[in-house]
Amino acid sequence: MKTKIITLLFLIALLLNSCISLQLVPSYSETIEKQIIETQKLNEKMYTEILALPESKRNYENFEKQYIEIESNINSLFFQINNREQNSDFVVMMSELKTNFIQYKEEHKSKGTLKDGEINIYIKYINDFYKPILISEKALKTVKK
């Protein structure tokens, strides 16, 4: 009798396991992955261009359009990620990226120009904010639905 009950419970559990799917992470989006990569490239390119110029030509005004484009891309990514289900970790990472990008932009604006060391630090730090977002999005490819 106990064997039949255990067998029945096992079969019920097996049936429920095969019928119920619980997804605790958002679905992978190739569009989001491409936009993360493209935005990071624009960000890296801008700082590399700034670094290539003499300090006297590194005025914020010369790069204002690029800052606006990058910030717009970050806002678009944030909007897309914020509207996905199971997105809480991604929202935190995007919020950190957005906050720090705006901070770096405002520092450039207030100082007027940037020194080599500041630019190198901005490149390193901003890439450190993109990296976990991209790695996490790529990892979603492997999650079975």
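The values are calculated or read from the model by the stated rules, or taken from the named source; none is laboratory data. Since the model is a prediction, treat every value here as computed from it, not as a measurement. Positions of Cβ are backbone-derived with ideal geometry, glycine not excepted, and every protein chain shown enters the neighbour counts. Surface accessibility is based on the protein's heavy atoms, side chains included, excluding ligands, DNA and RNA. Shrake-Rupley method; radii C 1.70, N 1.55, O 1.52, S 1.80 Å.
Out of the residues in segment 114-145 that are among the hydroxyl-bearing types (Ser, Thr, Tyr) and within 21 Å of residue 49 (Cα to Cα), which is most open to solvent (accessible area, probe 1.4 Å)?
125
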Original post:
Filtering segment 27-68 down to residues that are among the hydrophobic types (A, V, I, L, M, F, W, C) and open to solvent by 50 Å² or more (accessible area, probe 1.4 Å), which residue is farthest from residue 131 (Cα to Cα)?
Top reply: 53
Original post:
Is it the case that segment 50-63 has a residue that's in contact with a helix residue (DSSP H, G or I) (Cβ under 9 Å, 6 or more places away or on another chain), among the small types (Gly, Ala, Ser) and part of a helix (DSSP H, G or I)?
Top reply: no
Original post:
Somewhere in segment 92-108, is a residue out of contact with any helix residue (DSSP H, G or I) (no Cβ under 9 Å at 6 or more places or on another chain), assigned to a helix (DSSP H, G or I), under 18 Å from residue 42 (Cβ atoms) and of a type in the set (Lys, Arg)?
Top reply: no
Subject >> Hey, residue 109 open to solvent by 80 Å² or more (accessible area, probe 1.4 Å) and either in contact (Cβ under 8 Å) with a residue 60 or more places away in the chain or out of contact with any Pro (no Cβ under 9 Å at 6 or more places or on another chain) (or both) or not >> reply: yes
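Given the structure, is residue 104 open to solvent by less than 40 Å² (accessible area, probe 1.4 Å), farther than 30 Å from residue 142 by Cβ and touching a residue at least 60 places away in the same chain (Cβ under 8 Å)?
No.
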